[in-house]
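**Student:** This is the structure I want to talk about, given as structure tokens.
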Amino acid sequence: MKRVALAIEKGGTGKTTSAVHLAHALALMGRNVLLVDTDTQDQCAAHLGLKQFQPGLAELILGEVTPRQAVLKARDRLYLLPAGEKLDQVKAGLDDIAARASLETREILAQALSFTSSGSLDWIILDTAPGSDALLLNVLLFADVVITPVPPEMLAIRGMMRFFRTLRLLGRSVDYILPTIHDKRVSKTQRIMDKLKERFSDILLNKISYTSMISEAAGAGLTIFEYKPGHGAAQEYIHLAETIDKESRSWRTNAA
Ligand SMILES: Nc1ncnc2c1ncn2[C@@H]1O[C@H](COP(=O)(O)OP(=O)(O)OP(=O)(O)O)[C@@H](O)[C@H]1O
Ligand SMILES: [Mg+2]
């Protein structure tokens, strides 16, 4: 089983969109996938047409529900552990919860997701919140690989460089950069893409193009594979999943 986090401290870079589409694309390829939402916005559920703010990760951490009660079936082979209603509360009380469970604060997520090691899952995909906090730290320590989604624009690239410092402070390498919301009509896009290629050629994934279909699909509770199958962005996300699936054969994993 492989664990992949979509993360960057900057908001609105395509983390949730990419987590949902990578997870669904892997499921469409026949893999068993658990998508874990670690953001209080709980948007993965909405994106997949499920009711938001049901019991989820928060309630699992609090010991109020079992994994079976918290995990929802979203599609064939695609399961969702939503953020839950009380994630704000959990984040605020992380130290307290850790103390009660005799755990390190950084072990809370791994402990809550320990049920995944005995199932038949092939992938865990983790969506993360913008900003930086103890839960993000948990995710970054739990994941085998971190994909950093970043639109090719200056402020986002600066945010990415800052996030890379965070990763290095944790002793992690920078694994993959995913250029998202790539708008070729914007004049600076190509220049920034060229710079990314020059500096990060070995970890740069293929771009995901800008298209209003992505937000339309999300609004309809669908992925682009369902809303506009065959669309360019759908093909780009399928290609991303194929690349990650192939690359993963050479990863060293944290999983048992
Ligand atoms: N390829 C794309 N083309 C057009 N719009 C996109 C694309 N990818 C994402 N978006 C839109 O951009 C916005 C931000 O995307 P998303 O919610 O995935 O970012 P995020 O990094 O998860 O944000 P947050 O930091 O708030 O969690 C959303 O409205 C989403 O529909
Ligand atoms: Mg998000």
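The values are calculated or read from the model by the stated rules, or taken from the named source; none is laboratory data. As the structure is a computational prediction, the values presented were derived from the model and not from experiment. Don't worry about glycine lacking a Cβ; one is built from the backbone with ideal geometry, like all the others, and counts go over all protein chains shown.
**Student:** Could you please find all residues in the range 1-46 being more than 10 Å from ligand 2 (Cβ to nearest atom), of a type in the set (D, E, K, R) and more than 18 Å from Leu109 (Cα to Cα)?
**Tutor:** Hits for the range 1-46 are Glu9, Lys10, Arg31.
**Student:** Only one residue in Ile147, Ile192, Ile157 is modelled with pLDDT of 95 or more, aliphatic (A, V, I, L, M), within 26 Å of Ser209 (Cβ to Cβ) and within 16 Å of ligand 2 (Cβ to nearest atom), so which one is that?
**Tutor:** Unique residue meeting the criteria: Ile147.
**Student:** State all residues of the range 120-148 that are under 14 Å from Val36 (Cα atoms) and part of a helix (DSSP H, G or I); if no residue qualifies, say none.
**Tutor:** Leu135, Leu136, Asn138, Val139, Leu140, Phe142
**Student:** Give the range 172-197 a look and list any residue that's part of a loop (DSSP other than H, G, I, E, B), touching a helix residue (DSSP H, G or I) at 6+ places or on another chain (Cβ under 8 Å) and within 28 Å of Thr253 (Cβ to Cβ), or say none.
**Tutor:** Residues satisfying the conditions are Arg172, Ser173, Val174, Thr180.
**Student:** Within the range 198-227, take every residue that is part of a loop (DSSP other than H, G, I, E, B), near ligand 1 (Cβ under 8 Å from one of its atoms) and touching a strand residue (DSSP E or B) at 6+ places or on another chain (Cβ under 8 Å) and give me the one that is farthest from Met160 (Cα to Cα).
**Tutor:** This residue is Tyr210.
**Student:** Moving to a separate point now. Could you give me the residue pairs with C-beta distances under 9 Å whose first residue belongs to the range 1-23 and is within 16 Å of Asp122 (Cα to Cα), whose second residue is near ligand 1 (Cβ under 7 Å from one of its atoms) and among the polar types (S, T, N, Q) wherever it lies, and which are 6+ apart or on separate chains?
**Tutor:** These pairs meet every condition: Val20/Gln43.
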